[in-house]
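The values are calculated or read from the model by the stated rules, or taken from the named source; none is laboratory data. Since the structure is predicted, the reported quantities are computational estimates derived from the model, not experimental observations. Every residue, glycine among them, receives a Cβ derived from its backbone with ideal geometry; neighbour counts consider all protein chains shown.
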Amino acid sequence: MLEKRSNDFVATGQKIACITLDLEQDYGRVDTYNTFDRINELCEIVKAHDIKLTAFIVGKILDQRHGVVDALSGVGTEFELHSYSHDLVTPNDFSDEVQKSKKAYIDYFGVPPLGYRSPQCRVSPQHFEVLARQGFVFDSSVVPSWRPGVYSNMSAPSLPYYTNGLIEIPFSVIPAIHLPLTMSYIKVFGKMYRFLLTAFGFPRVLIFNFHLHDIFSTASLNQLPFAYQIFHRRNAKNALEMLKRFFILLKHKGYEFLHMKRLVEMI
């Protein structure tokens, strides 16, 4: 069951931006963590622009006790879950992935997680039921757009809504054309992306997402299939500066940066 909600929870004229990071292995599929070596560069940007960052972290990273968590915590990052293994090759039981990731989270932080995001934003039929049963409060896996072979959600709401006992906070898309507001698309479209934002406008509630491999290119890139390498090399040298400029643009547009938990409290 899906219950649409209006944007009445947002004050008239108020603009909210939630900046989210999917914290996972290199390029989401290579079993290395070379991008973690540059985490301090990201932390400096988060601090300089007063970003309220929400990181959706893969559970096994918590079990492996990577220092990246402490570094991000030092700049006020809040953490939610992004599966346990982020295995894009071998099918895993969704319920098992959720249980294992939740245990890793509790073992590390001492409290249960509130939010979840699935790898590649793939939403299975039992997705919301399993999360609700495990005590999650919100999910952020739905992209109101279309990606061949991955998701097809063109009719999904673009604002937060209730579904199966959970709050779904969808990714933001550029109005009218449904182009996702993510760093990967900014890199691919380059200057054209800024033109499209100007032409079609910004959503009032903006959920933006990026990965470390979107802004830091590493030797792990060479382990990807050639087609993926071409995709990730697009504007790779300028990616960090492009991210900074996007944050500055949001400030100029009057957006207030909030953690995802704070947004949930407002709904």
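In segment 91-110, is there at least one residue being under 23 Å from Asp37 (Cβ atoms) and more than 19 Å from the chain's Cα centre (by Cα)? Yes, because at least one residue in segment 91-110 is under 23 Å from Asp37 (Cβ atoms) and more than 19 Å from the chain's Cα centre (by Cα).
So, in segment 97-129, exactly how many residues are touching a strand residue (DSSP E or B) at 6+ places or on another chain (Cβ under 8 Å) and farther than 25 Å from Thr182 by Cβ? Qualifying residue count for the region: 2. State all residues of segment 82-102 that are touching a residue at least 40 places away in the same chain (Cβ under 8 Å) and over 21 Å from Val142 (Cβ atoms); if no residue qualifies, say none. Within segment 82-102, Val89, Lys100 qualify. Considering the conditions (1) more than 17 Å from the chain's Cα centre (by Cα); (2) without any contact (Cβ under 8 Å) to a residue 40 or more places away in the chain, Val143 is excluded by exactly one of them, (1).
When Ala239, Ala227, Ala219, Ala176 are checked against the criterion of being more than 14 Å from Ala17 (Cα to Cα) and out of contact with any helix residue (DSSP H, G or I) (no Cβ under 7 Å at 6 or more places or on another chain), Ala227 stands alone in meeting it. Looking at segment 250-266 only, could you name the residues that are touching a residue at least 24 places away in the same chain (Cβ under 8 Å) and more than 19 Å from the chain's Cα centre (by Cα)? Correct list: Lys251, Lys253, Gly254, Met266. Phe195 passes every criterion in (1) assigned to a helix (DSSP H, G or I); (2) closer than 29 Å to Asp139 by Cα; (3) modelled with pLDDT of 90 or more; (4) of a type in the set (Phe, Trp, Tyr) apart from (2).
Scanning segment 241-263 for residues that are buried (at least 18 other Cβ atoms within 10 Å of the Cβ) and not in a loop (DSSP other than H, G, I, E, B) yields Met242, Leu243, Phe246, Phe247, Leu250, Phe257, Met260, Leu263.
Scanning segment 83-102 for residues that are surrounded by fewer than 21 Cβ atoms within 10 Å (Cβ to Cβ), of a type in the set (Ser, Thr, Tyr) and not in a loop (DSSP other than H, G, I, E, B) yields a count of 1. Taken together, Pro160, Pro203 contain a single residue that is in contact with a Ser or Thr (Cβ under 6 Å, 6 or more places away or on another chain) and more than 29 Å from Val30 (Cα to Cα), which is Pro203. Ala48 satisfies every condition listed in (1) under 19 Å from the mean Cα position of the chain (by Cα); (2) farther than 25 Å from His232 by Cβ; (3) of a type in the set (A, V, I, L, M, F, W, C) except (1).
Just checking, how many residues over segment 202-225 are of a type in the set (Gly, Ala, Ser) and part of a helix (DSSP H, G or I)? Going through segment 202-225 one residue at a time, the tally reaches 2. Residues of segment 108-150 that are of a type in the set (Gly, Ala, Ser), assigned to a loop (DSSP other than H, G, I, E, B) and surrounded by 15 or more Cβ atoms within 10 Å (Cβ to Cβ): Ser118, Ser140, Ser141, Ser145. Restricting Tyr162, Tyr228 to those that are in a strand (DSSP E or B), within 23 Å of Pro119 (Cα to Cα), over 14 Å from the mean Cα position of the chain (by Cα) and of a type in the set (Ser, Thr, Tyr) reduces the list to Tyr162.
Considering segment 69-82, and only residues there that are in contact with a Phe, Trp or Tyr (Cβ under 9 Å, 6 or more places away or on another chain) and either hydrophobic (A, V, I, L, M, F, W, C) or modelled with pLDDT under 95 (or both), the residue that is surrounded by the most Cβ atoms within 10 Å (Cβ to Cβ) turns out to be Leu81. Checked against (1) surrounded by 18 or more Cβ atoms within 10 Å (Cβ to Cβ); (2) under 23 Å from Ile267 (Cα atoms), Tyr105 passes all but a single condition, namely (2).
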